[in-house]
There are 2 protein chains.
Amino acid sequence: MFFLRLKVHFTLCLIFIFPLFSWAQNGKAGQNDEDAFFIRGIYDQALTHSSAYEWLHVLTKKIGARLSGSPQAAAAVSYTRQMLDTLGLDTVWLQPCEVPHWERGAPEVVRVVSSYKMGSVTLNGVALGNSVGTPPSGITAEVVEVQSLNDVDELGEAGIAGKIVFYNRPLDPTQINTFRAYGGAVDQRGAGASRAARYGALGVLVRSMTTGLDDVPHTGSLRYDPNYPAIPAIAITTNDAELLSKLLEEEAVRVYMHSSCRMLANEMSYNVIGEIKGSEHPEEIILVGGHLDSWDLGEGAHDDGAGCVQSMAVLQTLLQLGYRPKRTLRCVMFMNEENGLGGGRAYWKASNDKKEYHLAAIESDRGGFTPRGFTCDGEDNVFRRKFRRVNRWLPLLEPYGLGLSQGSGGADINGLKSQGGLLFGLYPDSQRYFDYHHTSADRFETVNKREMEMGAAAMASLVYLLDKYGLD
Amino acid sequence: MFFLRLKVHFTLCLIFIFPLFSWAQNGKAGQNDEDAFFIRGIYDQALTHSSAYEWLHVLTKKIGARLSGSPQAAAAVSYTRQMLDTLGLDTVWLQPCEVPHWERGAPEVVRVVSSYKMGSVTLNGVALGNSVGTPPSGITAEVVEVQSLNDVDELGEAGIAGKIVFYNRPLDPTQINTFRAYGGAVDQRGAGASRAARYGALGVLVRSMTTGLDDVPHTGSLRYDPNYPAIPAIAITTNDAELLSKLLEEEAVRVYMHSSCRMLANEMSYNVIGEIKGSEHPEEIILVGGHLDSWDLGEGAHDDGAGCVQSMAVLQTLLQLGYRPKRTLRCVMFMNEENGLGGGRAYWKASNDKKEYHLAAIESDRGGFTPRGFTCDGEDNVFRRKFRRVNRWLPLLEPYGLGLSQGSGGADINGLKSQGGLLFGLYPDSQRYFDYHHTSADRFETVNKREMEMGAAAMASLVYLLDKYGLD
């Protein structure tokens with residue numbers, strides 16, 4: 001792009017006009033100039049002197065996938081604890097938690113065995129997390145395609161018993177926020193197996209949870225309803241889902257599916273925590289966090305290595321700038337978000353038992369993409385008032401492309417809501433997330449250094465404002 | 001991310017709170033509901049039925065790099081003309097233009113030949129576009145490092161003559177808008193060779209124009225000042241620039257550089273144009289465009305295959321929706337933006353000769369990333385009034401993450417400014433652009449389908465509003 005002479009002109013005149021809310025109206029012009037200056041310093045520091053990208057490199061390339069209960073998850077605990085130790089925090093500790101230990105076993109096989117038109121066709125699939133395996137001889141049965149859990153209810157035992165149920169409702173590609181598209185389809189993955197088992201299905205195939213058409217299968221957790229038999233569930237790629245659906249339009253299709261995944265005994269693991277004690281209100285905690293565990297495919301780079309290293313970078317950056325917080329700043333890397341939330345639950349319990357007060361908790365668990373702002377959540381009786389207060393800081397955040405909206409903070413921090421503070425979720429650009437989510441493609445190379453660093457800077461800026469002004 | 005039970009909750013409650021400007025205040029609530037509905041339709045259509053991604057696949061994978069004067073550039077003209085012919089426009093035509101024909105020749109060699117510490121070290125470099133080649137025996141000379149054109153002036157003949165000047169000022173990584181970082185460094189690439197030649201330099205090396213540290217050299221155009229000898233210029237990677245700079249801190253360094261690039265005779269080429277005649281004001285033109293040519297490295301995917309297919313997709317989408325414009329909508333794929341602007345100049349001249357009026361022109365030439373809005377430019381005497389008018393449409397664009405700011409429209413449309421309309425540049429997220437810009441890495445795989453389609457939808461939405469309401 002850009003022929004030179006015009007380009008220079010362009011860059012000189014490219015002055016973004018952001019809504020110029022007048023802070024002077026609040027009679028606080030000087031103070032807010034100081035805030036703008038400090039936030040600019042946070043971004044400068046995060047884009048030039050953060051260790052986040054190096055930490056992510058180790059987590060993804062040297063350690064790799066970090067499924068709860070795996071040796072890699074233990075390595076990640078050890079490594080991040082060591083890194084927190086280098087930052088000069090007041091305290092660093094491990095918080096024990098019990099986690100499930102699921103294993104994928106041998107590569108899954110999904111094969112159309114009866115197509116008159118196509119002969120034998122292999123479909124690319126991966127078992128859903130927490131799924132049981134098939135019998136050693138696999139399962140061979142006729143496939144019935146459905147679009148929803150309701151379809152299964154309607155087909156009932158007559159239509160379902162003895163069959164493999166194939167959930168094929170796609171993510172809605174017209175959703176601008178791809179998390180909404182995900183939310184509109186993920187019940188098939190989470191609850192599809194038990195719903196089908198209720199009517200006697202032998203197994204389920206699930207269309208991968210992604211916005212596009214591609215050849216990468218997406219795992220993710222399912223949850224068995226204890227009232228029905230646990231039957232095996234395998235996600236197939238969106239391209240293969242389309243193929244299978246086409247075959248089913250023309251003829252009855254039998255599929256062979258085989259998996260050897262299994263749930264082992266629970267393991268002990270840890271949340272990794274570091275904090276800086278507040279100088280004026282140490283009893284008010286501001287938490288930043290992500291989750292250390294990942295699925296066993298890929299490297300857990302966006303989900304959620306990025307969130308972990310961003311959270312560590314928040315404390316690193318503030319310390320590098322010589323900032324001494326009034327309130328207690330705590331970085332928490334949670335264990336077992338993906339398939340049990342063991343770390344989150346242990347943290348909430350300990351925190352509530354100690355009657356802690358989290359003034360705010362910020363989770364980054366939507367990928368290391370360019371930040372667009374934060375979603376915000378809280379108890380009904382405090383939310384409106386506190387959210388209004390946070391909205392007054394928008395003019396300081398908008399120059400960095402950040403907005404605020406109502407929405408969940410994150411799975412790992414949700415149990416802190418009852419403490420009466422606010423929960424925030426970093427909200428990055430969501431277009432690419434489901435290209436990688438829960439797949440072998442979630443690798444270090446797909447994380448852009450600047451985009452991820454800007455997410456850390458956004459979190460640090462919000463932490464700074466929360467710490468300086470509180471919420472009351 | 002997201003344990004299932006919480007996730008479903010999350011997606012249900014994630015309602016983004018955008019500034020709710022009340023359109024009802026204008027007494028136009030009904031009309032603007034209609035506009036919101038139509039724009040939603042544009043996005044739905046662009047995200048599900050656009051051919052943009054397939055077109056981009058052909059441009060990049062089947063045709064490839066499209067340097068002005070090359071056979072591939074001719075193929076791109078032919079292909080995009082054919083694709084416009086399929087859309088059902090009123091007129092499709094080719095507009096002749098004269099373009100330079102530069103050739104890179106054999107792979108460039110840059111080698112440190114004198115380092116006591118390192119021995120012989122090969123640096124990864126590519127000649128800058130429009131550069132002359134070295135003599136067949138190459139150039140071997142001592143290197144002098146500078147940070148700016150001013151440094152060269154200060155060193156003068158005594159410090160420069162007989163040497164290779166190494167421009168090593170990096171892009172400022174703290175700029176949130178990476179185009180600003182680019183604008184702050186690119187004078188070294190564009191004007192560095194002639195400035196050094198003024199004082200008798202034999203050649204120049206230029207640090208690649210990218211925000212990060214990597215191993216990919218970035219080409220791009222230089223411009224020779226006819227008052228001084230044309231000396232060869234080669235861009236080296238940012239990692240190699242750092243290495244060379246370190247060596248220079250410790251000892252004198254001699255470098256051998258060799259290139260065989262050359263400028264051939266000008267060629268005839270074409271802008272590719274298609275239009276839909278306006279039903280009420282055919283004399284008012286709304287242009288959407290990008291540039292067909294690219295550098296000879298990579299596949300010209302982001303720069304600017306994306307802009308071309310987005311521009312075609314704007315007309316395709318509006319026609320698919322059955323929209324009949326009041327004003328004339330014209331898609332222009334310009335030739336030779338990268339090293340001469342031959343296509344742009346031919347278009348401006350023809351348009352001005354015919355006394356055409358471009359009510360608006362929108363260029364996409366900043367990569368196929370998630371759109372964040374538009375920059376807008378115009379003649380001083382009309383800009384404020386017309387820009388205010390466009391700003392009234394913001395509430396319709398903000399739900400799609402789009403804003404408006406003052407800034408250049410784009411190199412290819414800049415010559416239309418004197419017609420008194422507005423120029424717009426699509427402004428996408430800029431963090432990744434300089435990972436790919438002008439390099440072998442600018443490939444189809446780096447373009448996310450949804451991000452690129454959303455750019456086309458953003459352009460189509462603005463076209464719709466411009467067409468429906470005009471600017472007066």
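The values are calculated or read from the model by the stated rules, or taken from the named source; none is laboratory data. Since the model is a prediction, treat every value here as computed from it, not as a measurement. Cβ placement follows ideal geometry from the backbone for every residue including glycine, while neighbour counts extend to all protein chains displayed.
In summary, helices (runs of 4 or more DSSP H) completely within segment B:25-133 and bearing 1 or more residues that are under 22 Å from B:Arg262 (Cβ atoms) and touching a residue at least 24 places away in the same chain (Cβ under 8 Å) occur at B:71-85. Checked against (1) part of a loop (DSSP other than H, G, I, E, B); (2) buried (at least 22 other Cβ atoms within 10 Å of the Cβ), A:Phe374 passes all but a single condition, namely (1). Of all the numbered requirements in (1) within 27 Å of B:Gly69 (Cα to Cα); (2) touching a residue at least 12 places away in the same chain (Cβ under 8 Å), B:Asp353 misses one, and that requirement is (2).
In this entry, B:Arg180 is excluded by the filter for residues that are touching a helix residue (DSSP H, G or I) at 6+ places or on another chain (Cβ under 8 Å) and either more than 28 Å from B:Asp435 (Cα to Cα) or in a loop (DSSP other than H, G, I, E, B) (or both). From the list A:Ile276, A:Ile285, the one residue that fits, being over 23 Å from the mean Cα position of the chain (by Cα) and β-branched (Val, Ile, Thr), is A:Ile276. Among the residues of segment B:427-446, which ones are crowded, with 24+ Cβ neighbours inside 10 Å and away from every other protein chain (no Cβ under 11 Å)? B:Thr439 - this is the single residue of segment B:427-446 that is crowded, with 24+ Cβ neighbours inside 10 Å and away from every other protein chain (no Cβ under 11 Å). Within segment A:383-424, being surrounded by fewer than 17 Cβ atoms within 10 Å (Cβ to Cβ), within 11 Å of another protein chain (Cβ to nearest Cβ) and farther than 15 Å from A:Ala458 by Cβ holds for A:Asn391, A:Gln406. Please go through segment B:89-121 and give me each residue that is among the hydroxyl-bearing types (Ser, Thr, Tyr) and touching a helix residue (DSSP H, G or I) at 6+ places or on another chain (Cβ under 9 Å), ordered by number. Residues satisfying the conditions are B:Ser115, B:Tyr116.
Let's see how each residue does on (1) crowded, with 22+ Cβ neighbours inside 10 Å; (2) aromatic (Phe, Trp, Tyr):
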residue: A:Glu54; (1), (2): no, no
residue: A:Lys61; (1), (2): no, no
residue: A:Ser68; (1), (2): yes, no
residue: A:Ala73; (1), (2): yes, no
residue: A:Ala76; (1), (2): yes, no
residue: A:Tyr79; (1), (2): no, yes
residue: A:Gly88; (1), (2): no, no
residue: A:Trp93; (1), (2): no, yes
residue: A:Cys97; (1), (2): yes, no
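Which of the residues that make up segment A:209-227 are within 20 Å of A:Lys163 (Cα to Cα) and more than 12 Å from every other protein chain (Cβ to nearest Cβ)? Answer for segment A:209-227, where residues must be within 20 Å of A:Lys163 (Cα to Cα) and more than 12 Å from every other protein chain (Cβ to nearest Cβ): A:Asp225, A:Asn227. Looking only at residues in segment A:262-297 that are in contact with a helix residue (DSSP H, G or I) (Cβ under 7 Å, 6 or more places away or on another chain) and within 14 Å of chain B (Cβ to nearest Cβ), which one is nearest to A:Leu128 (Cα to Cα)? That would be A:Ser294.
Yes or no: segment A:224-232 includes at least one residue that is outside any loop (DSSP other than H, G, I, E, B), touching a residue at least 24 places away in the same chain (Cβ under 8 Å) and out of contact with any Phe, Trp or Tyr (no Cβ under 6 Å at 6 or more places or on another chain).
Checked segment A:224-232: no residue is outside any loop (DSSP other than H, G, I, E, B), touching a residue at least 24 places away in the same chain (Cβ under 8 Å) and out of contact with any Phe, Trp or Tyr (no Cβ under 6 Å at 6 or more places or on another chain).
Of all residues being within 11 Å of chain A (Cβ to nearest Cβ) and in contact with a Gly (Cβ under 6 Å, 6 or more places away or on another chain) in segment B:161-194, which is nearest to A:Gln45 (Cα to Cα)? Just the residue, please. Looking at the filtered set, the residue picked out is B:Asp172. Among the residues of segment B:92-106, is there at least one that is of a type in the set (Phe, Trp, Tyr), under 25 Å from the mean Cα position of the chain (by Cα) and over 30 Å from B:Ser137 (Cβ atoms)? Yes, there is a match, as at least one residue in segment B:92-106 is of a type in the set (Phe, Trp, Tyr), under 25 Å from the mean Cα position of the chain (by Cα) and over 30 Å from B:Ser137 (Cβ atoms). Restricting A:Thr140, A:Thr122, A:Thr86, A:Thr134 to residues that are more than 24 Å from the chain's Cα centre (by Cα) and under 30 Å from A:Leu315 (Cβ atoms) narrows the list to A:Thr86. Scanning segment B:398-440 for residues that are more than 19 Å from the chain's Cα centre (by Cα), under 19 Å from A:Pro428 (Cα atoms) and not in a loop (DSSP other than H, G, I, E, B) returns B:Glu398, B:Pro399, B:Tyr400, B:Gly403.
Screening B:Asp240 against (1) under 23 Å from B:Tyr182 (Cβ atoms); (2) outside any helix (DSSP H, G or I) leaves a single unmet condition, (2). For segment A:334-354, a tally of residues being farther than 13 Å from A:Gly415 by Cα and away from chain B (no Cβ under 14 Å) returns 1.
Has segment B:366-378 got any residue that is over 24 Å from B:Lys277 (Cβ atoms), of a type outside the set (Asp, Glu) and more than 12 Å from every other protein chain (Cβ to nearest Cβ)? Taking every residue of segment B:366-378 in turn, none turns out to be over 24 Å from B:Lys277 (Cβ atoms), of a type outside the set (Asp, Glu) and more than 12 Å from every other protein chain (Cβ to nearest Cβ). Put simply, of A:Ala313, A:Ala301 the only residue that is closer than 22 Å to A:Gly41 by Cα and crowded, with 24+ Cβ neighbours inside 10 Å is A:Ala313. Scanning segment B:442-459 turns up at least one residue that is under 25 Å from B:Gly183 (Cβ atoms), in the same structural domain as B:Leu56 (by TED's automatic domain parsing) and of a type in the set (Ser, Thr, Tyr).
Listed here are the residues, each with its yes/no results for (1) touching an Asp or Glu at 6+ places or on another chain (Cβ under 6 Å); (2) in the same structural domain as B:Lys449 (by TED's automatic domain parsing); (3) modelled with pLDDT of 95 or more; (4) not small (Gly, Ala, Ser).
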site: B:Leu12; (1), (2), (3), (4): no, no, no, yes
site: B:Phe16; (1), (2), (3), (4): no, no, no, yes
site: B:Glu54; (1), (2), (3), (4): no, yes, yes, yes
site: B:Lys61; (1), (2), (3), (4): no, yes, yes, yes
site: B:Ala65; (1), (2), (3), (4): yes, yes, yes, no
site: B:Ser68; (1), (2), (3), (4): yes, yes, yes, no
site: B:Ala74; (1), (2), (3), (4): no, yes, yes, no
site: B:Asp85; (1), (2), (3), (4): no, yes, yes, yes
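If you go through segment A:395-410 and keep only what is within 19 Å of A:Ile286 (Cβ to Cβ) and either out of contact with any strand residue (DSSP E or B) (no Cβ under 9 Å at 6 or more places or on another chain) or of a type in the set (A, V, I, L, M) (or both), you end up with A:Leu396, A:Leu397, A:Leu402, A:Leu404.
Residue count for segment A:113-146, restricted to those that are surrounded by 14 or more Cβ atoms within 10 Å (Cβ to Cβ) and either outside the structural domain of A:Met209 (by TED's automatic domain parsing) or modelled with pLDDT of 95 or more (or both): 21. Scanning segment B:300-347 for residues that are β-branched (Val, Ile, Thr) and either within 14 Å of B:Ala52 (Cα to Cα) or outside the structural domain of B:Gln45 (by TED's automatic domain parsing) (or both) yields B:Val309, B:Val314, B:Thr317.
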